[in-house]
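The values are calculated or read from the model by the stated rules, or taken from the named source; none is laboratory data. If you're wondering where the values come from, they're calculated on a predicted model, not measured in any experiment. Please note: Cβ atoms are built from the backbone with ideal geometry, for glycine as well, and neighbour counts cover all protein chains shown.
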Amino acid sequence: MANTKSIGVAFLDQDIIGSQYILSDEQLGYTTAAQGSVTQLTSKTTAVTLNKSAGVITMNNASLTTATNATFTLNNSFISSNDTIILTIAGGQTTPGSYNVFANALGAGTVSITLRNISGGTLSEAIVINFAIIHCQ
């Protein structure tokens, strides 16, 4: 039993509270129940709400001119002001490398996310962004 430690006759699940390190030979992440998805409805600056620790945001396909930012709010009750948000462009773009995405403001229950068109031309794509919260106390 790889994820347990022997206490004699029985096994006890690992207690990671107070551990200095969490190590894994395989995967470290969120279960399917901790993930969700949401789609922007009207524009690239429309706020979305998804109360999960990880998920997928499908942006609206409104046009975005070159060297222009589109900033929107992700409302999420799991976010605290001490957390770190990881963002990755996961799809929706015709040419990889056409956008940058970053979190630029964080507060309890909210993060501001900016998508920047760096392609050299106007694009109208429904960009897919994966996010995950690293929870900090």
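The lone criterion from (1) in contact (Cβ under 8 Å) with a residue 12 or more places away in the chain; (2) more than 17 Å from Tyr30 (Cβ to Cβ); (3) more than 11 Å from the chain's Cα centre (by Cα) left unmet by Ala103 is number (3).
For every residue, the table says whether it meets (1) of a type in the set (Ser, Thr, Tyr); (2) farther than 19 Å from Thr45 by Cβ.
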position: Ser77; (1), (2): yes, yes
position: Ile85; (1), (2): no, no
position: Ala103; (1), (2): no, no
position: Asn117; (1), (2): no, no
position: Leu123; (1), (2): no, no
position: Ala126; (1), (2): no, no
position: Ile134; (1), (2): no, yes
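Conditions (1) modelled with pLDDT of 70 or more; (2) surrounded by fewer than 14 Cβ atoms within 10 Å (Cβ to Cβ); (3) not hydrophobic (A, V, I, L, M, F, W, C), marked per residue:
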residue: Phe11; (1), (2), (3): no, yes, no
residue: Gly18; (1), (2), (3): no, yes, yes
residue: Ala33; (1), (2), (3): yes, yes, no
residue: Asn60; (1), (2), (3): yes, no, yes
residue: Thr68; (1), (2), (3): yes, no, yes
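Taking region 70-84 on its own, how many of its residues are within 12 Å of the chain's Cα centre (by Cα) and either on the phi > 0 side of the Ramachandran plot or buried (at least 17 other Cβ atoms within 10 Å of the Cβ) (or both)? Count: 4. Of all residues in region 80-96, those satisfying the criterion of being out of contact with any strand residue (DSSP E or B) (no Cβ under 6 Å at 6 or more places or on another chain) and closer than 20 Å to Ser53 by Cβ are Ser80, Asn82.
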